[in-house]
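Colleague: Can you read through this structure? Questions will come right after.
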Amino acid sequence: MLTEERQQIILEQLKIHNIVKLHDLIPLTGASESTLRRDLQDLENCHKLLRIHGGAQNVISLHEEPALSQKAAVHINEKKMIGQTAANLVRNHEVIFLDSGTTISFMIPYLIEHTDLLVITNSVDNASMLADYNVNTFIPGGKLKSSTKALVGSNIIQTLEKYHFDRAFLGANGFSIDTGYTTPDPEEAAIKSLAIKQSNQSYVLSDSSKFSQVSFSRFATLDEVPLITSKLSEKEANTLTKYTKITEAI
């Protein structure tokens, strides 16, 4: 395969997944790891990607928020397993907070197994789905953010400060050793941070493709909140367990 063909495959994978791992590119290109490393270096030199440990990340602004439809269309099987694993942690009669992450929505079908549950959410889409499943739901008022269908702003902060939750389940655009859990929008980060503060126990739900991705606003460090994620490589798992408790949904 020609160099240009390999590099085009790499860039196409980045458009779909935002992050690619070397071990995933090998069968797609038929190239060796050393050849692919050179390709990644060449593409980074042309400012077409950012190399990260074990692969590459799409070059996007730290504050850029991918479209909700784009995020919802990738890693669906992994998100389903993460959602089910997270829902299994919920107990009857609890009050839980669900934020606007797309992975969070995969919890909702499994919440009907619990009785006398109250869900607070700042996600219009997730609230609609909860209503479809007849789950008792409360939506605090706020400014509607079009890209994520999340309610944000000072009004919702003031409301959430009055509440307390048994558990909070939060999405993340990225998580890394150095920067912790991040999201592009400071307003959404503020809500996530507050939900952690107001909860007995919090969890971040994020598939393993988000490992080493970094967005503009940190809402928690790794040691503050345990992670529920999809299958990690042995090296990734060993690294992360030094900093946080991880649950792999497999």
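Colleague: Anything in the stretch 226-247 that is touching a residue at least 24 places away in the same chain (Cβ under 8 Å) and in a strand (DSSP E or B)? List them, or say none.
Modeller: Of everything in the stretch 226-247, those that are touching a residue at least 24 places away in the same chain (Cβ under 8 Å) and in a strand (DSSP E or B) turn out to be LEU227, ILE228, THR229, THR247.
Colleague: Could you list, in sequence order, the residues of the stretch 75-89 that are assigned to a helix (DSSP H, G or I) and of a type in the set (A, V, I, L, M)?
Modeller: ILE76, MET81, ILE82, ALA86, ALA87
Colleague: Across the stretch 1-54, which residue is surrounded by the most Cβ atoms within 10 Å (Cβ to Cβ) among those that are without any contact (Cβ under 8 Å) to a residue 12 or more places away in the chain and within 21 Å of PHE175 (Cα to Cα)?
Modeller: LEU50
Colleague: Here is a further query. From the residues in the stretch 85-128 that are among the hydroxyl-bearing types (Ser, Thr, Tyr) and free of Cβ contacts under 8 Å to residues at least 24 places away in the same chain, which one is surrounded by the fewest Cβ atoms within 10 Å (Cβ to Cβ)?
Modeller: Result: THR115.
Colleague: Quick check on the stretch 243-250. Is at least one of its residues surrounded by 20 or more Cβ atoms within 10 Å (Cβ to Cβ), assigned by TED's automatic domain parsing to the domain that holds ILE76 and either within 12 Å of the chain's Cα centre (by Cα) or among the aromatic types (Phe, Trp, Tyr) (or both)?
Modeller: no
Colleague: Only one residue in SER230, SER199, SER206, SER212 is more than 16 Å from the chain's Cα centre (by Cα), assigned by TED's automatic domain parsing to the domain that holds ILE104 and of a type in the set (Ser, Thr, Tyr), so which one is that?
Modeller: Details: SER230 fails: more than 16 Å from the chain's Cα centre (by Cα); SER206 fails: more than 16 Å from the chain's Cα centre (by Cα); SER212 fails: more than 16 Å from the chain's Cα centre (by Cα).
Exactly one residue qualifies, and that residue is SER199.
The values are calculated or read from the model by the stated rules, or taken from the named source; none is laboratory data. All values derive from a computational prediction rather than experimental measurement. For neighbour counting, all protein chains shown are included, and Cβ atoms are generated from backbone atoms with ideal geometry for every residue, glycine included.
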